[in-house]
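Colleague: Below is the structure I would like to discuss, written out as structure tokens.
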Amino acid sequence: RPRLWPYSRPGGPAIPIAERCAVVVGCEGYAALPAVARAVADADKVAAALERANYAVTAMTDAGQPEPELLRPTRDNLRRQLSAALPSRALGPDDTLLFYFAGHGLRLGDGFDYLAPLDAPETPAAADLVSVAWLIDRLAQTGAGGVVLATDVCRQVGRGQCVDITLLGRSIGFV
């Protein structure tokens, strides 16, 4: 059900406004990985800019209290938010969904790219992380006509593991 533009002409047709939704994640103070300087500040700035652009923003950061525990960007919380909350929004072809992640990212030996949640261990396995391929599929399933995946990930984690997210040929926009 579309929202209606509040300033439609009297007696004229109401103009539907497209939904704009965003999930903004900032992981800085990792439990077992090196800290990522300014990840939370960057996520806060992105969230503020999106709110000014009339996006409904769900921010998940480790900025401290009084953050609800369910909004701390742990693996389970990220997967819960992306599994339950996004599809339930019933987005349509005129709607836009943006996912922004600031923190650690890596490519494992399986050749797939991952985002590291706050509770990622020092030597993470795929099960400890959020798969970028899974994330893309989840975002595409929301029904939004415009989907943007933006990552601001550090290029090195620990012993020189690098992030090189190369996901071409998908019907999703990347930043």
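Colleague: I need the full set of residues from the stretch 101-160 which are assigned to a strand (DSSP E or B) and β-branched (Val, Ile, Thr), in order please.
Modeller: Passing the criteria: Val130, Val147, Val148, Thr151, Val153, Val157.
Colleague: Given the options Leu108, Leu78, Leu91, Leu118, name the one that is crowded, with 19+ Cβ neighbours inside 10 Å and either in contact with a Phe, Trp or Tyr (Cβ under 8 Å, 6 or more places away or on another chain) or modelled with pLDDT of 95 or more (or both).
Modeller: Leu118
Colleague: Read through the list (1) under 19 Å from Ser131 (Cα atoms); (2) modelled with pLDDT under 90, then give the number of the only condition that Met60 fails.
Modeller: (2)
The values are calculated or read from the model by the stated rules, or taken from the named source; none is laboratory data. Predicted model only: the values in this text are computed from it and were never measured. Neighbour counts are summed over all protein chains in view; Cβ atoms, including those assigned to glycine, are modelled from backbone coordinates with ideal geometry.
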